[in-house]
């Protein structure tokens, strides 16, 4: 009996000592579904960068396998993958889910909205993260900034846009709120997955498209088909998103949760700097190797009409939903505050000291 008690005490003591160690060394295997194809530049680099940092910082305790669109076969189905727990994580753009919840699109970008530094300041210091959490909580999803493209170009067009008449009947790939705006002016917007864009333009399925900017457009080959390349208005700061299934996140130990959040935040910033670099390099290449490409800005009357329709739609959406109203009021108030500094800093510098 004494021996049994001694053995029992020893086993309990061993369990108390070993259990925390075993818990600390438990390994987690996650899967991430992304909208992009395999080895997709910049966007795909962000997911790989994040997964690598998580693996290294956790000493292999949390590994994240990335499934690209060719694997899961649903480029625009990432929201449901993460919501249902089929995947623990996703990487996409929030405005793809506007058909499920209109409030999701405001966390990617808005026409005539904030620049990238302004938008990041709003997310992390102006209440943006809290509003995004309120929107996604109801779906059991955690959403985090997932990398910014910076100001996107207005798109590639087969024909020059000289007036509002040129927008009527125009079949254009353009997602998010901007598509709603152009529809009001007679265009026919559509959303097409990235892998299908070149073929759609080449086969005249669409007349024009916007993708990103020089950082990604050059390698897509659009300059071979559409000679007019317009400056942007619709996506002044396009933030992708990392989505995390809330239940899966809650199952992680606190240190792995922290590692995941830090890795996502770092990968997002790295993507922004990479986008800036690639756009700078690729714009120079377009100008040098494709001199027939004509870079244009939309006529003033066209931009005024677009802005007017944009403001009307925003007012309609705000009136229809108190949550939408709250988000838009936050964006508007923060934009006014941040834009003053942008004008006194970056704009003044460029106007007064830019040698070009």
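A few points about this structure:
- Filter pass, residue 256 being in contact with a helix residue (DSSP H, G or I) (Cβ under 7 Å, 6 or more places away or on another chain) and either under 27 Å from residue 198 (Cβ atoms) or assigned by TED's automatic domain parsing to the domain that holds residue 140 (or both): no
- Checking each residue of segment 294-310 against the condition of being under 30 Å from residue 243 (Cα atoms) and either exposed (fewer than 13 other Cβ atoms within 10 Å of the Cβ) or in contact with a strand residue (DSSP E or B) (Cβ under 8 Å, 6 or more places away or on another chain) (or both) gives no match.
- Members of segment 132-149 found to be outside any strand (DSSP E or B) and touching a strand residue (DSSP E or B) at 6+ places or on another chain (Cβ under 7 Å), listed by number: 132, 136, 140
- Hits in segment 237-283 (condition: surrounded by fewer than 17 Cβ atoms within 10 Å (Cβ to Cβ) and part of a loop (DSSP other than H, G, I, E, B)): 251, 253
- Any hit, segment 150-171, residues being closer than 28 Å to residue 87 by Cβ, at pLDDT below 95, out of contact with any helix residue (DSSP H, G or I) (no Cβ under 7 Å at 6 or more places or on another chain) and not in a helix (DSSP H, G or I): no
- Lone unmet requirement of (1) outside the structural domain of residue 114 (by TED's automatic domain parsing); (2) surrounded by fewer than 20 Cβ atoms within 10 Å (Cβ to Cβ); (3) out of contact with any strand residue (DSSP E or B) (no Cβ under 7 Å at 6 or more places or on another chain); (4) more than 23 Å from residue 102 (Cβ to Cβ) for residue 212: (2)
- Every residue from segment 172-200 that is part of a loop (DSSP other than H, G, I, E, B) and modelled with pLDDT of 95 or more: 185, 186, 187
Per-residue answers, yes or no, for (1) closer than 28 Å to residue 254 by Cβ; (2) outside the structural domain of residue 141 (by TED's automatic domain parsing); (3) modelled with pLDDT of 95 or more:
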| site | (1), (2), (3) |
| --- | --- |
| 38 | no, no, no |
| 43 | no, no, yes |
| 47 | yes, no, yes |
| 52 | yes, no, yes |
| 55 | yes, no, yes |
| 75 | no, no, no |
| 83 | yes, no, yes |
| 88 | yes, no, yes |
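- Residue check for residue 31: touching a residue at least 40 places away in the same chain (Cβ under 8 Å) and either on the phi < 0 side of the Ramachandran plot or buried (at least 21 other Cβ atoms within 10 Å of the Cβ) (or both): yes
- Condition broken by residue 341, with the remaining ones in (1) in a helix (DSSP H, G or I); (2) outside the structural domain of residue 163 (by TED's automatic domain parsing); (3) within 19 Å of residue 126 (Cβ to Cβ); (4) touching a helix residue (DSSP H, G or I) at 6+ places or on another chain (Cβ under 8 Å) satisfied: (4)
- Output for segment 324-348, where each listed residue is more than 16 Å from residue 115 (Cα to Cα) and more than 21 Å from the chain's Cα centre (by Cα): 325, 326, 329
- Hey, residue 106 in contact (Cβ under 8 Å) with a residue 40 or more places away in the chain and within 27 Å of residue 274 (Cα to Cα) or not: yes
The values are calculated or read from the model by the stated rules, or taken from the named source; none is laboratory data. Quick caveat, the model's predicted, so the values are computed rather than measured. All Cβ positions, glycine included, derive from the backbone under ideal geometry; neighbour counts span all protein chains shown.
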